[in-house]
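Scroll down for the structure; my scribbles are underneath it.
Computed from the coordinates by the stated procedures, all read-outs in this text should not be read as laboratory data. Bear in mind that the values here come from a model prediction, so they are computed numbers and not experimental data. Positions of Cβ are backbone-derived with ideal geometry, glycine not excepted, and every protein chain shown enters the neighbour counts.
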Amino acid sequence: MPNAFDPYREALVVEARTVWPGDYDDWSATDRERVEAALHATPQEASELDYCRVHSGFARVVTVTADDLARLGAG
């Protein structure tokens, strides 16, 4: 189960990762980059957010969902 937004871990984020389900394999790199930037700019609004411990802090992992794309007007 994904974690909720956590201000403490967010302050220690040193890496941002985005997981794209196979449904979006046909999206261009430009479109993916635009969506990724928007999702990571407001991680507290992401539908599926997780934090993974890495050596120097945390990696924020956002899994793209249809709800996120609808919210961003990118679906």
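Annotations
- Filter result (touching a Lys or Arg at 6+ places or on another chain (Cβ under 7 Å) and of a type in the set (Val, Ile, Thr)) within segment 49-75: 61
- So residue 8, is it part of a helix (DSSP H, G or I) and of a type in the set (Phe, Trp, Tyr): yes
- The set of residues from segment 34-52 being surrounded by 15 or more Cβ atoms within 10 Å (Cβ to Cβ), over 11 Å from residue 64 (Cβ atoms) and touching a residue at least 40 places away in the same chain (Cβ under 8 Å) comprises 49, 50, 51.
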